[in-house]
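Read through the structure below, which is laid out as structure tokens, and then see the notes.
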């Protein structure tokens, strides 16, 4: 019996827009690589991430962790989470999107990426 894909859609509302925009959609089936969509482009998450990246991300989740350390841990996660063949295209979208991907939308993207990685069986 084939696994039913789990689908999660995250929406973000840009400050200058009246409507919500579909920021990220994650679609993953058991045994398949996790993918996510940002503004109609699909990216694949790595099957495995370095343990140190996940430890730093977990440590940063502590509310007592200073915000710059939290942001650094999330940045390291984003830099390592996407497969190598998608990384340049992903970075270009994050930097060159029109309209720009602002911090609220970026936060939703990172949150969804983390949820997709955390949902994988260990």
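Read-outs throughout are calculated quantities, based only on the coordinates presented, and are distinct from any laboratory measurement. Predicted, not measured: the structure shown is a model, and the values here were computed from it.
Taking every C-alpha pair closer than 8 Å and separated by at least 6 residues, the mean separation divided by the residue count of the range 46-87 gives a relative contact order of 49 percent. With Cα atoms as the point set, the radius of gyration and Dmax of the range 40-121 evaluate to 12.9, 36 Å.
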